[in-house]
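Quick notes on the structure that follows.
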Amino acid sequence: KMSEVSEVMTKPDIKPKSMHHAKIWSDDVENLYRFQQAGYRDEVEYKQVKQVDEVECWPETGFVKKLQRRDNTFYYYNRQRECEDKDVRKVKVYVY
């Protein structure tokens, strides 16, 4: 999983080829939900904008722990799932 992101990261300003909405909740959808709440498409865009190599995650669940928004305020997330079933279909899944 991480290697895909790292591969995409080596190309400057990579844009997604396509996008679809999530249909069922998964760990990936949970993390995308968190990135999108903070104003980013996904981990790839976050790392490009913020120029960071690592995103802070909860060791127990692997979910994103904290994100810095574009206005430099921070979002802090819980260890547990935050994306409710009703919000799953709002999550955009980008394909590179």
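The values are calculated or read from the model by the stated rules, or taken from the named source; none is laboratory data. Quick caveat: nothing in here was measured; it's all calculated off a predicted structure. Positions of Cβ are generated from backbone atoms using ideal geometry, with glycine treated the same way; all protein chains shown enter the neighbour counts. Side chains included, ligands, DNA and RNA excluded: accessible areas come from the protein's heavy atoms. Shrake-Rupley method; radii C 1.70, N 1.55, O 1.52, S 1.80 Å.
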Quiz item: Looking at region 50-92, which of its residues are at pLDDT 95 or above and aliphatic (A, V, I, L, M)?
Solution: V55, V64, L67, V88, V91
Quiz item: Which condition does Y40 not pass, out of (1) open to solvent by less than 30 Å² (accessible area, probe 1.4 Å); (2) modelled with pLDDT under 95, if it passes all the others?
Solution: (2)
Quiz item: Among the residues of region 13-40, which ones are hydrophobic (A, V, I, L, M, F, W, C) and part of a strand (DSSP E or B)?
Solution: M19
Quiz item: Given the residues Q80, Q48, which is the only one that is assigned to a loop (DSSP other than H, G, I, E, B) and either closer than 15 Å to D28 by Cβ or not basic (K, R) (or both)?
Solution: Q80
Practice problem: Would you mind telling me which numbered condition in (1) surrounded by 12 or more Cβ atoms within 10 Å (Cβ to Cβ); (2) closer than 13 Å to K90 by Cα H20 fails? | Solution: (1)
Quiz item: For residues in region 67-94 being open to solvent by less than 60 Å² (accessible area, probe 1.4 Å) and more than 11 Å from the chain's Cα centre (by Cα), which is farthest from A22 (Cα to Cα)?
Solution: Q68
